[in-house]
Amino acid sequence: MANHSKQSKKDLILATANKLFVTQGYQPTSIQMIAQAANVSQVTIYKYYESKQFLAHKVVLGLITDGYADFQKIVDDSKLSFKSLVKQMILTSSMETKDMHPDFLKFMIKDLSGEFGNHESINAYEDGKAKFWGAVIKRGRKEGVISSTISNQAIMVYLEMFVQFSQNPKNKHLYENSPSTMLSITDELQHMFFYGLIGKGDEEE
């Protein structure tokens, strides 16, 4: 019972931190604010999470694993056509991107790039990537939507190009100097990934 209570409190702190970091940003959110919102002491937070940075890292890790799980449910929904599946994924991604504070996006990019000396987040992303995108590609091929002239390897390379863009140190200033612009570009890149430069979007159907 005690262990269950500890885990519940730990989960509550993480969920509260998630909400505040995502909506208010990493820098503006203090441990004190999280403690007040979760109705726990700052000492309790530090008991489970050694620092604000570590807590934010765990939020990023959760967003990755939960994101894959949520998208997998969409992919596994046999009632959705591949076209509807893609629309749902773009809509979900767009909503998540627009709801995310630019300052937390900056932290997330740094965390994924291993700037804080921890590669757990990018490893989690890589671990889930092959399985998830493999399932997406399989659905697309089954319905004849993905061209047979395009290999799975090429699709994965194309996907990796988007990831590498955000992780490239040369692009670091874009996120730091104009995070709101990068949020918009991220949304556009998601659309381009699925539809291409001249592919059909929702408005053309």
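Under a Cβ-only charge scheme (Lys and Arg +1, Asp and Glu -1), can you give me the dipole magnitude of the stretch 16-99 about the Cα centre, in debye to the nearest 20? Dipole of the stretch 16-99, to the nearest 20 debye: 80 debye.
Give, in whole angstrom and from largest to smallest, the semi-axes √(5λ) of the equivalent ellipsoid of the stretch 1-157, with λ running over the eigenvalues of the Cα gyration tensor. Walk me through the numbers on the way to the answer.
Details: eigenvalues 244, 54, 44 Å².
For the stretch 1-157, the ellipsoid semi-axes come out as 35, 16, 15 Å.
For Ile150 and Thr65, a Förster radius of 30 Å and the Cβ-Cβ distance give a FRET efficiency of 0.55, rounded to the nearest 0.05.
Every read-out reported here was derived from the displayed coordinates using simple, explicitly stated rules and does not represent laboratory data. Not measured: the values here are computed from a predicted model. For neighbour counting, all protein chains shown are included, and Cβ atoms are generated from backbone atoms with ideal geometry for every residue, glycine included.
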